[in-house]
Amino acid sequence: MKKVLLTVACVLLLVGCNAQNKKDADKANGKETAALNKEKMNDNEKMSYALGANWGKQFQSIGLEIDYDLYMKGLKDGMADKNEFSDEEMRAAFQYLDKVAQENQGKMVEAEKAAGKAFLEKNKQEPGVKETASGLQYKVVTEGTGKHPLATDKVKVHYKGTLLDGTVFDSSYDRGEPAQFPLNQVIAGWTEGLQLMSEGSKYIFYIPSDLGYGDMGTQGGPIKGGSTLIFEVELLEVNPK
């Protein structure tokens, strides 16, 4: 998702990377963009804002700094079927974009991993927290008396997933409906952790990135590469009808 959006955006416009971030400058000068009057916006205006916000989020997520004047010129030129860059210059700009994105992504992943490692080192000293050989940490909130699932079983669960800063990124409780899935088709931390549980149990899992979404995270989603995750999980039923 991220890669596609970046490609579409960059084909349409000239991206100036590693320039002064105009948004930060405007904020410092008290010139932040005024809030939108959404009630008076037509559908085309809403679409335009949504595209900009989406692209901006993608750029921010990989640490790009954009020269906004050149960005807008490139956008306007592209919409007018113009381009002041040659094909060779465009390729060079995209290669630089890839280089910067990869370097920044690597730094952010390492920072997330370091934060996760520090958290887990401290967390395993907490009362009731246990750690498996794989590095999965868990804490029993309630111990059930039903059967244990195998990796090949389907399970029915309620759960809430949070980042280390407490941000909830997914919750079956909020949706008002338990989730069902084959246990061998989810992240490794879940496949291992749920097999420790019996029906009626509630556990908290502390899942390092290599047992979660790895260095990639969720593309375009809330989970950054290298993130350690926390899940509260209730095992309601094994092989539900």
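The values are calculated or read from the model by the stated rules, or taken from the named source; none is laboratory data. Note that this is a predicted model, so its numbers are computed, not measured. All Cβ positions, glycine included, derive from the backbone under ideal geometry; neighbour counts span all protein chains shown. These accessible areas exclude ligands, DNA and RNA; they are computed on the full protein's heavy atoms, side chains included. Shrake-Rupley method; radii C 1.70, N 1.55, O 1.52, S 1.80 Å.
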Degrees separating the helix 43-61 axis from the principal Cα axis of the chain, which is the longest one: 70
Using the alpha-carbon atoms, what tilt in degrees (0 to 90, nearest 10) does helix 2-12 show relative to the longest principal axis of the chain? 10
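Which trypsin sites (Lys or Arg not before Pro) in segment 115-176 sit in a loop by DSSP (not H, G, I, E or B) and have at most 15 other Cβ atoms within 10 Å of their own Cβ?
Numbers: sites: LYS117, LYS122, LYS124, LYS130, LYS139, LYS147, LYS154, LYS156, LYS160, ARG175; in loops: LYS124, LYS147.
Loop-located and lightly packed - LYS124, LYS147.
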Suppose the chain between LYS122 and ALA151 were pulled fully straight at 0.36 nm per residue; how much longer would it get relative to their current alpha carbon spacing? 7.5 nm
Sites TYR68 and GLU39, calculated FRET efficiency, Cβ-Cβ separation with R0 25 Å, nearest 0.05: 0.40
Counting only C-alpha contacts under 8 Å and six or more residues apart, can you give the relative contact order of the chain as a whole percent? 20
Computed lengthening from LYS99 to THR218, 0.36 nm per intervening residue step minus Cα-Cα distance: 40.8 nm
Size of charge dipole - segment 174-241 - debye, nearest 20, with Cβ of Lys, Arg +1 and Asp, Glu -1, no other charges: 80
With a/c under 1.5 counting as rounded, go ahead and sort segment 101-153 into rounded, prolate or oblate using the C-alpha gyration tensor (a ≥ b ≥ c being the square roots of the eigenvalues; past the cut-off, prolate if a/b is larger than b/c, else oblate). oblate
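Quote the FRET efficiency, to the nearest 0.05, computed for THR167 versus ASN54 with a Förster distance R0 of 25 Å and r equal to the Cβ-Cβ distance.
Details: r = 20 Å, r/R0 = 0.78.
Calculated value: 0.80.
Using a 1.4 Å probe on the protein heavy atoms, what percent of the accessible area of the chain belongs to carbon and sulfur? Could the numbers behind the result be given before it?
Values: 7610 of 14680 Å².
Ligands and nucleic acids excluded, carbon and sulfur give 52 percent.
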Roughly how tilted is helix 87-123, in degrees to the nearest 10 and between 0 and 90, from the longest Cα axis of the chain? 30
Report the FRET efficiency, 1/(1 + (r/R0)^6), for ALA179 and THR132, where r is their Cβ-Cβ distance and R0 is 25 Å, rounded to 0.05. 0.65
Quick one: 3J(HN,Hα) in Hz for segment 224-241, Karplus 6.51/-1.76/1.60 with θ = phi - 60°, rounded, Gly and Pro as x. 6, x, x, 6, 8, 10, 10, 10, 9, 10, 10, 8, 8, 7, 9, 6, x, 6
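Hey, got the dipole for the chain? About the Cα centre, +1 on K and R Cβ, -1 on D and E Cβ, debye to the nearest 20? Walk me through the numbers on the way to the answer.
On the way: 30 positive and 35 negative charges, 83 e Å.
The dipole magnitude comes to about 400 debye.
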Accessible area of segment 45-88 divided out per residue, in Å², using a probe of 1.4 angstrom: 69
Projected onto the charge dipole of the chain (+1 at Lys/Arg Cβ, -1 at Asp/Glu Cβ, origin at the Cα centre), which of PHE94, GLY146, ASN42 gives the Cα projection farthest towards the positive end? GLY146
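In Å², and per residue, what accessible area does segment 109-241 have when probed at 1.4 Å with the other protein chains present? Provide the component values of the computation, followed by the final result.
Values: 6780 Å² over 133 residues.
Result: 51 Å² per residue.
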